[in-house]
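Below: one structure, written as structure tokens.
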Amino acid sequence: MLFDDSYQTLAQPVEGQFRDRGSRFLAFAYPIRREADAKLHLDTLRREHPKANHHCYAYRLGLDKNHYRVSDDGEPNGSAGRPILNTIYSHDRPGVPFTNILVVVVRYFGGTLLGVPGLINAYKTATAEALAVAQFETLTVNEQYRIRFGFEQMNAVMRVVKETGLTVLGQSFDTHCTLDIEVRKTAAMNVTERFKSIDGVSVDWLS
């Protein structure tokens, strides 16, 4: 499914847990913006739970289902990371993916083997328990641009900013004027074309 520029993510980190035949499965869910955020949280949990037997996880970034990573961390293949990821996917709404999220499930082995079906259920349920208490927020994917212009274009540039409700991230009115703006991805082409239609104005993509 293709999504537009809106997505749902966690408003703040949450936790949940599940027990089965002596094993404890502690789930930690975090909002993230990049892969480096996921690594930071993983490293922290490994330090906080050094005696845990497994630190399994899944994270998802972006608006489609192509940017993700899963880890079974020593559990049987497909029994941990994928069930976590599928539980994340299950929170998608029509046109609004649930993304930019990391879920780590820390397992303390209780002495009884659960088998692959039992592990799938445990990792899925622990993840669901964490997300059940989560608060969600809907955000938009934005792009940032730098607008360059002279003083003679000031009024025309600021008129576009006002009419389109742009977020101004920074500005400089020196010999040459610059304006750093943020715009929703779906509106970016129309907005930048309006700036480019003003003589003497240039537009550079920042991120």
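Assuming ALA29 fulfils every condition listed in (1) buried (at least 21 other Cβ atoms within 10 Å of the Cβ); (2) within 17 Å of TYR123 (Cβ to Cβ); (3) touching a Phe, Trp or Tyr at 6+ places or on another chain (Cβ under 7 Å) apart from one, which condition is it?
(3)
Could you please find all residues in segment 100-118 being in contact with a helix residue (DSSP H, G or I) (Cβ under 8 Å, 6 or more places away or on another chain) and closer than 21 Å to TYR68 by Cα?
ILE101, LEU102, VAL103, VAL104, VAL105, VAL106
So which residues in segment 159-189 are of a type in the set (A, V, I, L, M, F, W, C) and in contact (Cβ under 8 Å) with a residue 40 or more places away in the chain, if there are any at all?
VAL183, ALA188
Tell me the residue from GLY118, GLY81, GLY111 that is over 16 Å from the mean Cα position of the chain (by Cα) and at pLDDT below 95, please.
The unique qualifying residue is GLY111.
Take the residues of segment 121-149 that are in a strand (DSSP E or B), under 18 Å from the mean Cα position of the chain (by Cα) and among the β-branched types (Val, Ile, Thr): which is surrounded by the most Cβ atoms within 10 Å (Cβ to Cβ)?
Selected residue: THR140.
Could you check, for segment 53-71, whether at least one of its residues is surrounded by 14 or more Cβ atoms within 10 Å (Cβ to Cβ), out of contact with any Leu (no Cβ under 8 Å at 6 or more places or on another chain) and in a helix (DSSP H, G or I)?
The answer is no; no qualifying residue exists.
How many residues does segment 15-66 contain that are under 18 Å from the mean Cα position of the chain (by Cα) and either closer than 18 Å to ASP92 by Cα or without any contact (Cβ under 8 Å) to a residue 24 or more places away in the chain (or both)?
17
Residue by residue through segment 8-20, note down the ones that are within 15 Å of LEU102 (Cβ to Cβ) and either of a type in the set (D, E, K, R) or at pLDDT below 95 (or both).
The one that is within 15 Å of LEU102 (Cβ to Cβ) and either of a type in the set (D, E, K, R) or at pLDDT below 95 (or both): GLU15.
Going through segment 151-201 one residue at a time, which ones are polar (S, T, N, Q), exposed (fewer than 12 other Cβ atoms within 10 Å of the Cβ) and over 23 Å from THR140 (Cβ atoms)?
Those that are polar (S, T, N, Q), exposed (fewer than 12 other Cβ atoms within 10 Å of the Cβ) and over 23 Å from THR140 (Cβ atoms): ASN155, THR175, SER197.
Within segment 194-207, how many residues are outside any strand (DSSP E or B), within 31 Å of the chain's Cα centre (by Cα) and either touching a residue at least 40 places away in the same chain (Cβ under 8 Å) or within 14 Å of GLN144 (Cα to Cα) (or both)?
Result for segment 194-207: 3.
Among the residues of segment 77-105, write down those that are assigned to a helix (DSSP H, G or I) and within 20 Å of ASP4 (Cβ to Cβ).
ILE88, TYR89 - these are the residues of segment 77-105 that are assigned to a helix (DSSP H, G or I) and within 20 Å of ASP4 (Cβ to Cβ).
The values are calculated or read from the model by the stated rules, or taken from the named source; none is laboratory data. What you see is a predicted model; the values in this text were computed from it and never measured. Ideal geometry is used to build each Cβ from the backbone, glycine not excepted, and the neighbour counts take in all protein chains shown.
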